[in-house]
Each structure stands twice: as C-alpha cells, then as structure tokens.
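The values are calculated or read from the model by the stated rules, or taken from the named source; none is laboratory data. Small disclaimer: the values here were computed from a predicted structure and weren't measured. Glycine also receives a Cβ, built like all others from the backbone with ideal geometry; neighbour counts cover every protein chain displayed. We work out accessible area using only protein heavy atoms, side chains counted, and drop any ligands, DNA or RNA first. Shrake-Rupley method; radii C 1.70, N 1.55, O 1.52, S 1.80 Å.
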Amino acid sequence: MSYPPQNNFNPQQPYYPPQGAPPPQGYHGPPPQQQQYQPPPGPSPPQNYGPPPQQGYSPAPFQGYQQPPPPQHYPPPQPGYASPMSPPNQGYGPPPQGYGPPPQGYGPPPQQGFRPPPQGYGPPPQGFGPPPQGFGGAPPPQQPINITPDVTAIHKACKGFGTDETALIKVLANRDGPTIDAIRRGYPYSDLVQTLDKETSGDFRTILHATALGPLESLVFWAHCAVNGVGTNEDMLTEAIMGKSNYEISAMKTIFQQKYGRSLETAVKADLSMKTEELFAMALRAQKPEEWVQPNPQQVMSEVQAIYAATKGRLGTDETTVSGILTKCNEAQIRAIVYEYGRLHGDFAKMIKSEFSGHMRDAFLYLVEGASQNDKATRDAHLLEAAMKGFGTKDDLLIMRVVRIHWDQRHMANVKAAYKSLYGKDLSKRIRGETSGYYRDMLLEMVK
C-alpha cells in the first residue's frame, strides 16, 4: 500500500473542540437517575420479537479513555453481564488536555463465555435532562503521560543498521489511544509515522502506520484509502464513517482537508452515486444528538411509522427518508427505533435486508448493529472472519478491524468471546493460520 504526501499537515497539532463546545463523546461523568420508559400502547409484539432478557459475556476492564458508563436502557440491565469495575470505552473522544500515566497493560479477559445476542431489545427509559457534570466543554485536565521510555524504545529500535521489529510491536501494540497520540506528537527525532514507514514494509508497515496514527487520525487514513485510486473499498469507507460521533466527524473533516488537500465530503461524493452518496453525505453532516440525549417516546413512534411507511408500507422504497432518520439518531435512539419497530412490524434487520441491497444495505446494518453492545461484538466478530475467509486474506480490512477494535480492550474481549461462540475457535488461532511474520506478531499482540 502506498501512502500519499502529508501536504504540510502538522502532526503535532491536536484537534480538540473549542472551550464551551458540545460535549465530546466518551468522557466520564455518570448519567443522572432515569425514569423507566413505558412503551406507548400498541399491538402486541409478534411472536419471537418480544424483548427477551439479554445475556452476554462480561467485559474486561480497560485502562484507557475514560468513558461514561453504559446507559441502562436499550437493552436493559443484562443478567448475563457481571458489573464492570470501570466504565467501558465505547468510542474515541478527543485526547484530554494533558494525559494521565500510561496504562501498564490491559486487564484480563472475561472468564465466562459469550452467549449469542438476543433478537430483541428491552424498553427504553424516559429521556433524561441536561448532561451531567463532566460532559460539557473541554475534558478535565489530567497529569501528563510520561512518554520518555516509549519514545526512547522506538528510537532505539529504528536507529542504526536494521530495525528491531519486536521492540516496536511491544510498544505500539500495547498502548491506548491517548498514549499513542502523545508519543506521536512528542516524538522529537523526526515524524514518527514517516520513520516507521521507512523502517518497515508490506502489511507490517501498514499496521504500524495505522496504529501510530491513533484512533481518530487512523479513521481519516482509512477513509482516504477507501476512495483513493480506482474504485471504492465500500466496507472500508462504511467502517471509517458510519456510526461516528459528531466530534469525530468534525475532526475527521478538518484533518482530511489538511492532510489531503480536499474535503472529505468531496472525496466521498466523487466515489459514490445516487442514494448511497446521499446516505454518506447525511452522515458527514454530523447532525445527530449527543450520546447523553435519550429517546423521546413520541418522536420514536413517529420515526418508526415513517420508516415503515417508507419501506414495508408502500410499493418501492423511500431511501431518503430512512437515511435521514437513521443518520440523525444517536445509539440510544436507534435502539429505541429498532425495539418499537420490532414490537409493531417485525424484525428491523430483516426489513433492511429485504428493502435495501449492496453498499446501502451494508451501511445501514453496520450502523444499526453498532448501536447494541451485544450486536456490535457479534458484528465485529463476523467482520473479522469475513476478512480472513475464502481464497486469500483481505489484509487491509483485517488490519483496519483489529486496530479499530483494539483501542477498546473491553470491546476486544467481547469480540473474542463472540468469535469463539460463533466459529468454535479462538480468534488468535485463526489469525495465526492466516498471517505470517512480524505482521502476524503485531496482530496477535493486539488481540491477546
């Protein structure tokens, strides 16, 4: 894979929201007490679509980004989960002003096995008010990360004759997002990403490149790879853009413009067409509520009926209506729509599969499945297998997916448990059989 010039992009300049900006997604602060949502009256749920109790696997603790605890709504508290000691990391927020001490590794994976995700959703709570303290404006200041040992180790691995690939893997595969960002911005010898590119090659070079960019800038890298050259890597583009927070989309657009000399919207529009182009244009407008905003029952019912009228309730499909609704919903609202649609009209995912096709169908499913913690783990387990099955390995997609998942070690533990339940084998063993060399070692270190 070749990498485009940086176009005078300054990797030392972080991308943070201004003071008083809308809350970045993923910072700590417990949500206020919520009232129980009562679903509006309607017909009884069709057989096999009731909101069964959700069972799963217990996530492992993660010592990285501080995130709000998962809202106990769509789905309700899950009897199969053990209460986590610390809140899960469910997205990449902007790095704080200053960093805390680097993690000393990730916590152990859960001990109990994964149980297949449910086929329905529990009822949502009544929406709660303004964001709790800790959500608004800039993130709270923290102590700086001591990056000196890691910077020294990377420099030692790259200087002189030859490269110590094992030392690079030891550092880069075992640091969380804020630490990687701090290392990249504080690397004093040269541009870190360019240094790694010069010292390595092939798929090992690609995975180091993506990892060294950190969670946010790696999304920009993959979005560019998806539309660069002849044709479009539809899966890569979907996973880079769909389901991202308003902050992430806004920052991605800024970084993309500075690194590649054109807007992300222009690049995507040039590679897509018709209703799929419209769907991605809507997603890039970043107009959905922040994640702390909970669903309004009346609005949910209105959107459910609008989606039904645009799909099963008419001859043909009104793609614009469905795109407009789903791209303007946060995860809690999507879960509410999926639940109420299932209660009234049948399985939401089956409707998407029957009414849409190709890239648009896959983008909708990626978005909807990502709104549920259990479905998200199952979705990503399937995506990892899809990158490895068949003749030859889709290495770029495998790299993108492993790097993306590994930023959240709690989610990685869930994905590994889901993979074993679905395919009857360990994810590490599957990767070991499909890859080789230092590239394989880096992947295995990330999923261990």
Quick one: Karplus J couplings for segment 263-280, per residue in order, coefficients 6.51, -1.76, 1.60, θ = phi - 60°, nearest Hz, x for Gly and Pro? 6, 4, 4, 5, 5, 5, 4, 5, 9, 10, 8, 6, 6, 5, 4, 4, 4, 6
Would you calculate the separation in nanometres between label points at residue 266 and residue 422, each defined as 7 Å from the Cα along the Cα-to-beta-carbon direction? 3.8 nm
From the protein chains alone at 1.4 Å, what is the descending order of accessible area for 427, 344, largest first? 344, 427
I need the peptides 348-356, 266-274 ranked by packing, meaning the mean over residues of other C-beta atoms within 10 angstrom, with the highest value on top. 348-356, 266-274
Would you mind telling me the share, in percent, of accessible area of segment 336-423 contributed by carbon and sulfur at probe 1.4 angstrom? 53 percent
Leaving out ligands and nucleic acids, note down the accessible area per residue over segment 167-237 with a 1.4 angstrom probe, in whole Å². 29 Å²
Theoretical FRET efficiency, 1/(1+(r/R0)^6), r = Cβ-Cβ of residue 429 and residue 315, R0 41 Å, to 0.05: 0.25
How big is D for segment 314-448, in µm² s⁻¹ as a whole number, if Stokes-Einstein is applied with the Kirkwood radius of its Cα pairs at 37 °C and 0.692 mPa s? 200 µm²/s
Can you give the extra length, in nm with one decimal, that the chain gains between residue 436 and residue 281 once fully stretched, where that is 0.36 nm per residue apart less the Cα-Cα distance? 51.9 nm
Stretched out fully, how many nm does the piece from residue 201 to residue 393 gain, at 0.36 nm a residue minus the Cα gap? 67.4 nm
Of all accessible heavy-atom area on segment 199-257, the percent that carbon and sulfur account for (1.4 Å): 41 percent
Quick check for you: with a 1.4 Å probe and neighbouring chains kept, what is the accessible area per residue of segment 245-297, in Å²? 41 Å²
Rounded to whole Hz, the Karplus (6.51, -1.76, 1.60) HN-Hα couplings of segment 299-311, x for glycine and proline: 5, 4, 4, 4, 6, 4, 5, 5, 5, 4, 5, 7, 10
Step through the table entries 288/389; 350/389; 328/425; 253/275; 259/376, compare each Cα-Cα distance with 27 Å, and write down the pairs that go over it. 288/389; 328/425; 259/376
Taking the Cα centre as origin and putting +1 on Lys and Arg beta-carbons and -1 on Asp and Glu beta-carbons, what dipole magnitude results for segment 296-448, to the nearest 20 debye? 460 debye
Short version: ³J(HN,Hα) in whole Hz for each residue of segment 321-332, in order, from phi by Karplus 6.51 cos²θ - 1.76 cosθ + 1.60 (θ = phi - 60°), x for Gly and Pro, what are they? 5, 5, 4, x, 6, 5, 7, 9, 10, 7, 5, 5
Just need the Rg to Rh number for segment 399-445, please, alpha carbons only, Kirkwood Rh. 0.96
Given a Förster radius of 51 Å and the C-beta distance between residue 361 and residue 161 as r, what FRET efficiency does 1/(1 + (r/R0)^6) yield to the nearest 0.05? 0.50
Ordering 187, 260, 423, 438 by the accessible surface of their heavy atoms, 1.4 Å probe, largest first, yields 438, 423, 260, 187
Counting only protein heavy atoms and rolling a 1.4 Å probe, one gets per residue an accessible area for segment 383-444 in Å² of 38 Å²
Hey, rough spin-label estimate for residue 305 and residue 190, points 7 angstrom out along Cα→Cβ, what's it come to in nanometres? 6.5 nm
Nearest-10 value in Å² for the accessible area of residue 201, using the 1.4 Å probe: 80 Å²
Taking the convex hull of the alpha-carbon atoms of segment 287-386 and averaging its shadow over every direction gives an area in square nanometres of 6.5 nm²
